[in-house]
Amino acid sequence: MNIISTNRKSSYLYDIISKFEVGIQLKGFEVKAIREGNVNITESHVTIKNNEIFIIGMHIGEYSHLGYANHDPLRDKKLLMHKYEILKIKSKFETKGFAIVPLKLYFKKGKAKIEIALSKGKKKWDKRETIKKRDIDREIKRSMKGN
């Protein structure tokens with residue numbers, strides 16, 4: 001598994017409930033641009049339209065050796081999932097407070113895959129607790145390293 005891009009803000013902003021590995025419907029030059037690392041998923045989100053699932057806001061930059069063809073770097077890309085999985089996610093997604101966020105983009109056996117998560121937004125006090133917990137863990141690691 002070759003990780004290309006991660007969404008580090010997702011664990012801070014959301015409580016992750018369940019994770020799914022899905023494929024992405026891409027064009028050839030988009031795959032080549034992703035292999036070069038010209039991709040960003042931090043500002044993207046996932047939505048469901050007509051029982052199909054799409055990622056919106058995933059930025060794929062231009063491929064360096066692209067000739068005449070232009071492309072829209074922010075076009076909506078269809079995600080490839082089984083229908084029963086989409087319907088299972090959709091029932092939770094329509095509940096208030098739930099969101100589907102991308103976690104990481106990677107290649108697996110030559111195919112571009114994205115890990116998405118059904119998640120619930122954190123409140124302000126949850127975010128503060130996360131920061132406190134991270135600081136405490138950091139202090140513990142420092143003290144253990146000193147011994």
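Return yes when LYS109 is free of Cβ contacts under 8 Å to residues at least 12 places away in the same chain and under 22 Å from the mean Cα position of the chain (by Cα) and no when it is not.
So LYS109 passes the test.
Which residue is nearest to LYS120 (Cα to Cα), if the candidates are limited to the stretch 11-55 and must be touching a residue at least 60 places away in the same chain (Cβ under 8 Å) and of a type in the set (D, E, K, R)?
ASP15
When residues of the stretch 7-52 are filtered for being small (Gly, Ala, Ser) and either in contact with a Pro (Cβ under 7 Å, 6 or more places away or on another chain) or farther than 30 Å from SER64 by Cα (or both), how many remain? Walk me through how you get there before you give the answer.
Our first condition is that a residue be small (Gly, Ala, Ser); within the stretch 7-52, this holds for 10-11, 18, 23, 28, 33, 37, 44.
Among the residues that remain, those that are also either in contact with a Pro (Cβ under 7 Å, 6 or more places away or on another chain) or farther than 30 Å from SER64 by Cα (or both) are: 11, 18, 44.
Number of matching residues: 3.
Does the stretch 92-113 hold any residues that are more than 13 Å from LEU13 (Cα to Cα) and touching a Gly at 6+ places or on another chain (Cβ under 8 Å), and which are they?
Scanning the stretch 92-113 gives LYS111, ALA112, LYS113.
Does the stretch 1-47 hold any residues that are assigned to a helix (DSSP H, G or I) and either hydrophobic (A, V, I, L, M, F, W, C) or at pLDDT 85 or above (or both), and which are they?
Residues satisfying the conditions are LEU13, PHE29, GLU30, VAL31, LYS32, ALA33, ILE34, ARG35, GLU36.
The values are calculated or read from the model by the stated rules, or taken from the named source; none is laboratory data. This structure is a prediction, so every number in the text was calculated from the model and none was measured. When we count neighbours, we look across all protein chains shown, and the Cβ atoms used for this are built from the backbone with ideal geometry, even at glycine.
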